[in-house]
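The values are calculated or read from the model by the stated rules, or taken from the named source; none is laboratory data. Everything numeric here is computed off the predicted structure, so don't read it as measured data. Note: ideal-geometry Cβ built from the backbone for every residue, glycine included; neighbour counts use all protein chains shown.
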């Protein structure tokens, strides 16, 4: 028993600097999430009083999105940290990789929460490590692929929406399915519009026992309407042979 305890202590000791850094990032993320929730609720309350003003309608939609994001993040972070803690003893290499992906996710997502404008490439910097973390947690039940041409990385794309679609596809499409499935993120330009699609082979739209209220998709629709007017849309369709395809279509614009 003494030999086993010494071995475990050595393994944990090897990871103490990384874990300390991770805890610092996690604490900062939780504080930011809490502050953002308080600020978002205050913004929403203020915007309700003067909802007739277009600028404040946009503020209300942004506040709702920020509040929703703030509620999701701590739950995901704690689950991921628990997985890392377990893997340190059972599979140290996977623990190390999961830790790196979490740090990459936190670094990429924090600026995105503050920016009103973003690029598709920046949104993918959030989605890629998020998917890698979920692949470790779900194992063979999740196959994920990001198929986006490099030339589209600089294209304008609103922040936080893509990650919300990915989270929704996993939570309500793939996780409820016993064998899991495949999630694909793709993008293309058609007739001057940038279409970014999240497709899954899950249980299908609205068929999961964990089906939510649809507030997340409604918030995306509202934000698209306020930012682009009638020039953008959210499309939802069945995927073949199973699952759902959700696309965000916005005007294709590259930075000048």
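Right, residue 218: surrounded by fewer than 18 Cβ atoms within 10 Å (Cβ to Cβ), in contact (Cβ under 8 Å) with a residue 40 or more places away in the chain and farther than 15 Å from residue 245 by Cβ or not?
No, not satisfied.
Yes or no: region 213-231 includes at least one residue that is touching a helix residue (DSSP H, G or I) at 6+ places or on another chain (Cβ under 6 Å) and at positive phi.
No, region 213-231 has no match at all.
Given the conditions (1) closer than 22 Å to residue 251 by Cα; (2) at pLDDT below 90; (3) out of contact with any strand residue (DSSP E or B) (no Cβ under 9 Å at 6 or more places or on another chain), and given that residue 83 satisfies all but one, which numbered condition is not satisfied?
(1)
In region 62-80, what residues are surrounded by 15 or more Cβ atoms within 10 Å (Cβ to Cβ) and modelled with pLDDT of 60 or more?
Correct list: 62, 73, 74, 76, 77, 80.
Out of 187, 195, 199, I need the residue that is under 21 Å from residue 134 (Cα atoms), surrounded by 15 or more Cβ atoms within 10 Å (Cβ to Cβ) and at pLDDT 95 or above. Which one?
Answer to the check: 199.
Report, ordered by the first and then the second residue, all pairs with beta carbons closer than 7 Å, sequence separation of six or more or different chains, a first member in region 230-246 that is without any contact (Cβ under 8 Å) to a residue 40 or more places away in the chain and not assigned by TED's automatic domain parsing to the domain that holds residue 202, and a second member that is surrounded by 12 or more Cβ atoms within 10 Å (Cβ to Cβ) and part of a loop (DSSP other than H, G, I, E, B).
Qualifying pairs under 7 Å: none.
Checking the structure you have, find out if any residue of region 230-251 is at pLDDT below 90 and either surrounded by fewer than 17 Cβ atoms within 10 Å (Cβ to Cβ) or within 23 Å of residue 134 (Cα to Cα) (or both).
The answer is yes, given that some residue of region 230-251 is at pLDDT below 90 and either surrounded by fewer than 17 Cβ atoms within 10 Å (Cβ to Cβ) or within 23 Å of residue 134 (Cα to Cα) (or both).
Exactly one condition in (1) within 27 Å of residue 253 (Cβ to Cβ); (2) surrounded by fewer than 22 Cβ atoms within 10 Å (Cβ to Cβ); (3) in contact (Cβ under 8 Å) with a residue 40 or more places away in the chain; (4) not assigned by TED's automatic domain parsing to the domain that holds residue 240 is false for residue 123; which is it?
Condition not satisfied by residue 123: (2).
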